[in-house]
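K.L.:
Dumping the structure here so I can ask a few things about it.
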Amino acid sequence: MMINGKTTICGIFGCPVGHSLSPAMHNAAFASLGLNWVYLPFEVGPKGLPAAVEAVRALNMAGVNVTVPHKQQAAALVDQLSPAAGLSGAVNTIVNRGGVLHGHNTDGEGFLRALEEEAGLRAEAGPALILGAGGAARAVAAALALNGSPEIIVANRTPEKAAQLSELIRNRTGCRASALTWPAGPGQGGPGEGDWASVLARASLVVQTTPLGMGPGAEGTPPLPFDLLNPGQVVVDLIYNPACTTFMNRCQAAGARVFNGLGMLLHQGAAAFELWTGRQAPLAVMRDALKQNIQVRRQETGDRRQEGAGE
Ligand code: ATR
């Protein structure tokens, strides 16, 4: 990489940011297309975000990714919001167009692209059950609803948050949306077990967005009634480390087609790359960079970092 007076700068704001795979992914992409661009990590504390976002404009950066814990605050700091960023209330990508800062949410877009590429499934294919109601769930639900999903059902440990997310989707889009009681466990006959049977009978897609199962050796799993899954039903766990969670194993054993969160991570980056550069993202190069860096991470002893759910 040759940095000179004409190098275009983009990067990522987060805290912590040292674990991010995005610098490796984007710098590999710039190099492969011969672009004189560089992508840098910036550790930005909670109080520093307004000044950091203003610096994107002041330093004439092309744009940045924004990650934990800044995605919601970033939505209030940009000049314009894309429909997905507006609905999810979160920005993971800022694009500087002549001093006007545009906020996007490519996490949801990345989820949809990965779903189509890996599972051959589109949002409009059928109802989606989302497990969890945090930031990742909001991004996925917003993207599904804005892209033709007929129905979204949200189940969350804290039922109020599932109700809030389903209400948001229902009120702000034409998509049907409802909340389900977090199951007590298969066969325990808790409240709503009949609802779970009917939801799983009609859902084309189940998305696991909680951190349960993250980190090497983590065995936790949402209490999905696994025996109610249909053969061939598509299940996506947004976690990518480990590559296969206990949840994924149990869904696969029940006959589902399961995918992890690596595709979403790749495609949210590809969508951001395209917004910044106007060029098609070199997917193979970006995928290799991600895989190599994840491999290195896995070999590092003592790394118990949790990984999943977009950038
Ligand atoms: P993210 O941005 O990765 O989605 P988040 O916004 O903190 O992270 O959301 C985490 C989600 O995982 C929430 O839905 C949370 O449930 P609560 O609303 O009940 O907190 C869920 N979650 C986290 N830990 C969990 C656990 N041990 N069991 C069940 N759900 C959990």
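K.L.:
Quick one: which residue in Ala90, Ala74 is buried (at least 22 other Cβ atoms within 10 Å of the Cβ), assigned to a helix (DSSP H, G or I), touching a Gly at 6+ places or on another chain (Cβ under 7 Å) and at pLDDT 95 or above?
P.N.:
One residue alone meets the criteria, Ala74.
K.L.:
Within region 263-288, which residues are closer than 26 Å to Pro242 by Cα and free of Cβ contacts under 8 Å to residues at least 60 places away in the same chain?
P.N.:
Leu283, Ala284, Arg287 - these are the residues of region 263-288 that are closer than 26 Å to Pro242 by Cα and free of Cβ contacts under 8 Å to residues at least 60 places away in the same chain.
K.L.:
Criterion first (more than 16 Å from the ligand (Cβ to nearest atom), open to solvent by less than 30 Å² (accessible area, probe 1.4 Å) and assigned by TED's automatic domain parsing to the domain that holds Arg297) does Val66 satisfy it?
P.N.:
It is false that Val66 is more than 16 Å from the ligand (Cβ to nearest atom), open to solvent by less than 30 Å² (accessible area, probe 1.4 Å) and assigned by TED's automatic domain parsing to the domain that holds Arg297.
K.L.:
Among the residues of region 254-283, how many are open to solvent by 40 Å² or more (accessible area, probe 1.4 Å) and either under 16 Å from His102 (Cα atoms) or not assigned by TED's automatic domain parsing to the domain that holds Asn241 (or both)?
P.N.:
Number satisfying all stated conditions: 6.
K.L.:
Right, something else. If a residue must be in a loop (DSSP other than H, G, I, E, B) and within 14 Å of the ligand (Cβ to nearest atom), how many such residues does region 239-261 contain? It would help to see each step written out before you state the result.
P.N.:
Within region 239-261, the first condition is being in a loop (DSSP other than H, G, I, E, B), and the residues that meet it are 242-245, 254-256, 260-261.
Now narrow it down to the ones that are within 14 Å of the ligand (Cβ to nearest atom): 245, 261.
Residues meeting the conditions: 2.
K.L.:
Filter region 76-125 for residues that are under 17 Å from Gly278 (Cα atoms), charged (D, E, K, R) and without any contact (Cβ under 8 Å) to a residue 60 or more places away in the chain and give the result.
P.N.:
Arg97
K.L.:
Would you list the strands (runs of 3 or more DSSP E) that sit entirely within region 98-161 and hold 3 or more residues that are of a type outside the set (Asp, Glu) and either outside the structural domain of Val206 (by TED's automatic domain parsing) or open to solvent by 20 Å² or more (accessible area, probe 1.4 Å) (or both)?
P.N.:
Because the criterion is at least 3 residues that are of a type outside the set (Asp, Glu) and either outside the structural domain of Val206 (by TED's automatic domain parsing) or open to solvent by 20 Å² or more (accessible area, probe 1.4 Å) (or both), the strands (runs of 3 or more DSSP E) in region 98-161 that meet it are 100-104.
K.L.:
Go through the residues of region 229-238 one by one and say whether even a single one is out of contact with any strand residue (DSSP E or B) (no Cβ under 9 Å at 6 or more places or on another chain), within 13 Å of the ligand (Cβ to nearest atom) and open to solvent by 30 Å² or more (accessible area, probe 1.4 Å).
P.N.:
There is no residue in region 229-238 that is out of contact with any strand residue (DSSP E or B) (no Cβ under 9 Å at 6 or more places or on another chain), within 13 Å of the ligand (Cβ to nearest atom) and open to solvent by 30 Å² or more (accessible area, probe 1.4 Å).
K.L.:
Only one residue in Thr209, Thr181, Thr221 is at pLDDT 95 or above and within 16 Å of the ligand (Cβ to nearest atom). Which one?
P.N.:
The unique qualifying residue is Thr209.
The values are calculated or read from the model by the stated rules, or taken from the named source; none is laboratory data. All of these numbers come straight from a predicted model, not from anything done at the bench. Virtual Cβ from ideal backbone geometry, glycine too; neighbours counted across all protein chains shown. Accessible surface areas use protein heavy atoms only, side chains included; no ligands, DNA or RNA. Shrake-Rupley method; radii C 1.70, N 1.55, O 1.52, S 1.80 Å.
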